[in-house]
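The values are calculated or read from the model by the stated rules, or taken from the named source; none is laboratory data. These numbers come from a predicted model, not from an experiment. Cβ coordinates were reconstructed from backbone atoms using ideal geometry, including for glycine residues, and neighbour counts include every protein chain displayed.
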Amino acid sequence: MLRKLLSQWPLLRQIRSGADGTGVEAMSVRTRDLAPKNVDAEVTRSICPYCAVGCGQLIFHKHNKLVSIEGDPGSPISRGRLCPKGADTFELHTHPARLTRVKYRAPHSLKWEYLDPETAMDMVADRLWDARERSFEESRDGQTLMRTTTVAHLGGATLDDEENYLIKKLFTAGLGMVCISNQARI
């Protein structure tokens, strides 16, 4: 009985086999049966959203649930590596304390309140249009301008060319904005 129990102890198996402790000799019954958390999960290739580098990420999901987010070894940019922000993408999406509702604090108020997304988006659109209307210049000194310089757009660094093209068209032709940046610095 004791001999059988001792033979199951990984350290003794390692000593007897002379192995380095990284193979089956170091495994218990439980560890032998372990499988990666993303086994049988579907994988989607993506790009990290946190800066302009564009590191590749593999998004593992199973049954409409996020399982894991890891660096993409096939990415020529990052070759499977992620910075601390990119490596924490999974936690940033799944942490139980993550905000999932819109928080709003009215001017001069000391309290935060929750808004539904439609109300928040309507408030943003109304304020954008009001600022544009107050500052829009059709012309100055006989020159046609058709612009506003009091409203700006700072795009995300991971937007692709097509998205940046559409944003540029919408905000310049549609709203007259001239202060637009897409963060394409790299």
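A few remarks follow.
- One residue stands out in the range 1-46 among those that are hydroxyl-bearing (Ser, Thr, Tyr) and either in contact with a Leu (Cβ under 9 Å, 6 or more places away or on another chain) or outside any helix (DSSP H, G or I) (or both): the one that is surrounded by the fewest Cβ atoms within 10 Å (Cβ to Cβ), namely THR22.
- Residue list for the range 85-114, restricted to those being of a type in the set (A, V, I, L, M) and without any contact (Cβ under 8 Å) to a residue 12 or more places away in the chain: LEU92, ALA97, LEU99, ALA106, LEU110
- Looking across the range 75-104, the residues that are of a type outside the set (Val, Ile, Thr) and not in a loop (DSSP other than H, G, I, E, B) come down to PRO84, LYS85, GLY86, ALA87, PHE90, GLU91, LEU92, HIS93, LYS103, TYR104.
- Contact map, the range 152-171: first residue farther than 9 Å from ASN182 by Cβ and in contact (Cβ under 8 Å) with a residue 12 or more places away in the chain, second residue in a loop (DSSP other than H, G, I, E, B) and of a type outside the set (A, V, I, L, M), Cβ cut-off under 8 Å, separation 6 or more or different chains; pairs are THR158/CYS48; THR158/PRO49; THR158/GLY54.
- When the range 130-175 is filtered for residues that are assigned to a loop (DSSP other than H, G, I, E, B), more than 30 Å from CYS55 (Cβ to Cβ) and at pLDDT below 90, only LEU175 remains.
- Some residue of the range 131-149 being in contact (Cβ under 8 Å) with a residue 40 or more places away in the chain and surrounded by 13 or more Cβ atoms within 10 Å (Cβ to Cβ): yes
- Enumeration of residues in the range 47-61 that are assigned to a strand (DSSP E or B) and either loosely packed, with under 15 Cβ neighbours inside 10 Å or touching a residue at least 40 places away in the same chain (Cβ under 8 Å) (or both): ILE47
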